[in-house]
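The values are calculated or read from the model by the stated rules, or taken from the named source; none is laboratory data. Note that this is a predicted model, so its numbers are computed, not measured. Neighbour counts run over all protein chains shown; Cβ positions are idealised from the backbone, glycine included.
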Amino acid sequence: MAGEAENLDAEAEAAEQWQLVNTPLGEPWSGRTRYAAAMFFFKRGEMNAETLEVYRICARLDSENPLPIIRDRSVGKDR
């Protein structure tokens, strides 16, 4: 039972962090919010360091969308 509850808690936390990764552009502190959520997925092993670095670079730029930068850099793809 405890294992199931922990799993549900972990899933709920991941869902909340996913919403934060998708915080709308341009909102105050949204870049930092996206970076913090990206760190959550990095620590779980679900995001690589190159992708996290893009979120870090964009952290102070609330209006900057990290996704085009990730695509331009081919982050996460075999080269």
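Does Gly45 qualify as being small (Gly, Ala, Ser) and surrounded by 12 or more Cβ atoms within 10 Å (Cβ to Cβ)? Spell out how you get there, then give the answer.
Values: small (Gly, Ala, Ser): yes; surrounded by 12 or more Cβ atoms within 10 Å (Cβ to Cβ): no.
Here the answer is no, as Gly45 does not meet what is asked.
Just the residues that are among the hydrophobic types (A, V, I, L, M, F, W, C) and farther than 21 Å from Arg73 by Cβ, please, taken from region 9-35. Walk me through it before giving the result.
Restricting attention to region 9-35, the residues satisfying the condition of being among the hydrophobic types (A, V, I, L, M, F, W, C) are 10, 12, 14-15, 18, 20-21, 25, 29.
Of everything in region 9-35, those that are among the hydrophobic types (A, V, I, L, M, F, W, C) and farther than 21 Å from Arg73 by Cβ turn out to be Ala10, Ala12, Ala14, Ala15, Trp18, Leu20, Trp29.
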Discussion item. Exactly one of these conditions fails for Ala15: (1) surrounded by fewer than 16 Cβ atoms within 10 Å (Cβ to Cβ); (2) in contact with a helix residue (DSSP H, G or I) (Cβ under 7 Å, 6 or more places away or on another chain). Give me its number.
Written reply: (2)
Worksheet, complete the sentence: Counting only residues in region 50-79 that are among the hydrophobic types (A, V, I, L, M, F, W, C), assigned to a helix (DSSP H, G or I) and in contact with a helix residue (DSSP H, G or I) (Cβ under 7 Å, 6 or more places away or on another chain), the one nearest to Ala10 (Cα to Cα) is identified as Leu52
Worksheet entry | Close pairs (6 angstrom Cβ cut-off, 6 or more residues apart or separate chains): aromatic (Phe, Trp, Tyr) in region 17-38, assigned to a helix (DSSP H, G or I) anywhere | Tyr35/Tyr55; Tyr35/Arg56
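Can you find, within region 26-42, the residue that is surrounded by the fewest Cβ atoms within 10 Å (Cβ to Cβ) among those that are among the small types (Gly, Ala, Ser) and more than 13 Å from Glu64 (Cβ to Cβ)? Give the derivation first.
Going through region 26-42, the residues among the small types (Gly, Ala, Ser) turn out to be 26, 30-31, 36-38.
Of the ones still in play, those that are also more than 13 Å from Glu64 (Cβ to Cβ) are 36-38.
On the way: Ala36: 16, Ala37: 21, Ala38: 24.
Within region 26-42, the match that is surrounded by the fewest Cβ atoms within 10 Å (Cβ to Cβ) is Ala36.
For region 57-65, does any single residue satisfy the condition of being loosely packed, with under 15 Cβ neighbours inside 10 Å and of a type in the set (Gly, Ala, Ser)?
Our first condition is that a residue be loosely packed, with under 15 Cβ neighbours inside 10 Å; within region 57-65, this holds for 57, 60-61, 63, 65.
Those still in the list that are of a type in the set (Gly, Ala, Ser) too: 63.
Checked against the condition, which is being loosely packed, with under 15 Cβ neighbours inside 10 Å and of a type in the set (Gly, Ala, Ser), region 57-65 yields at least one hit.
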Worksheet item: Out of all the residues in region 1-48, which are in contact with a Lys or Arg (Cβ under 7 Å, 6 or more places away or on another chain) and either modelled with pLDDT under 95 or part of a loop (DSSP other than H, G, I, E, B) (or both)?
Response: Thr23
Discussion item. Please go through region 22-49 and give me each residue that is out of contact with any helix residue (DSSP H, G or I) (no Cβ under 8 Å at 6 or more places or on another chain) and among the aromatic types (Phe, Trp, Tyr), ordered by number.
Written reply: Trp29
